[in-house]
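The values are calculated or read from the model by the stated rules, or taken from the named source; none is laboratory data. Note that the structure is predicted; figures quoted are calculated from it, not measured. Cβ coordinates were reconstructed from backbone atoms using ideal geometry, including for glycine residues, and neighbour counts include every protein chain displayed. Each accessible area value is taken on the protein alone, full model and side chains, heavy atoms only, with ligands, DNA and RNA left out. Shrake-Rupley method; radii C 1.70, N 1.55, O 1.52, S 1.80 Å.
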Amino acid sequence: MTDTKTWWQSRTVWVNVVATLFAVLGTFKLLPTNLDQDSIVTAIMGAVGIANVVLRLATRRVIA
């Protein structure tokens, strides 16, 4: 892993940014009202955990 990339080129960073956005929206009950917000946030956080592992295994460049 000698190639580098900037932080905004990292898919892992972007997955976590989106997860954080959903967590904040869920905390303030700003998700659509016809959805069970707790279930949506829980499902998204579980998907983020899986995505982080997959993206971490697929990483070929370091953030510099």
Task: Cβ-based charge dipole, the chain, positive-most Cα from F28, V62, M45 - done: V62
Task: the chain - accessible surface per residue (Å², probe 1.4 Å) - done: 75
Open item on the list: Once you place label points 7 Å from the Cα toward the Cβ at F28 and W7, how far apart are they in nm?
Closed with: 2.2
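In deg cm²/dmol and to the nearest 500, what is the mean residue ellipticity at 222 nm of the chain if only DSSP H runs of at least 4 residues count, each as -39500 (n - 2.57), divided by the residue total? Don't skip to the answer; put the middle values down first.
Values: 2 runs with 39 residues, N = 64.
Taking each H run of at least 4 residues, the total per residue is -21000 deg cm²/dmol.
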Open item on the list: Quick check: convex hull of the Cα atoms in the chain, volume per residue, rounded to a whole Å³?
Closed with: 73
TODO: Go through the range 22-32 residue by residue and turn each phi into a ³J(HN,Hα) via Karplus (6.51, -1.76, 1.60, θ = phi - 60°); whole Hz please, and just put x for glycine and proline.
DONE: 5, 5, 5, 4, x, 4, 8, 6, 9, 6, x
Task: DSSP-assigned coil residues among trypsin sites (Lys or Arg not before Pro) in the range 1-45, each with at most 12 further Cβ atoms within 10 Å - done: K29
- [ ] Just flag the chymotrypsin sites (Phe, Trp or Tyr not before Pro) in the range 7-64 sitting in loop per DSSP whose Cβ has no more than 14 other Cβ atoms within 10 Å.
- [x] F28
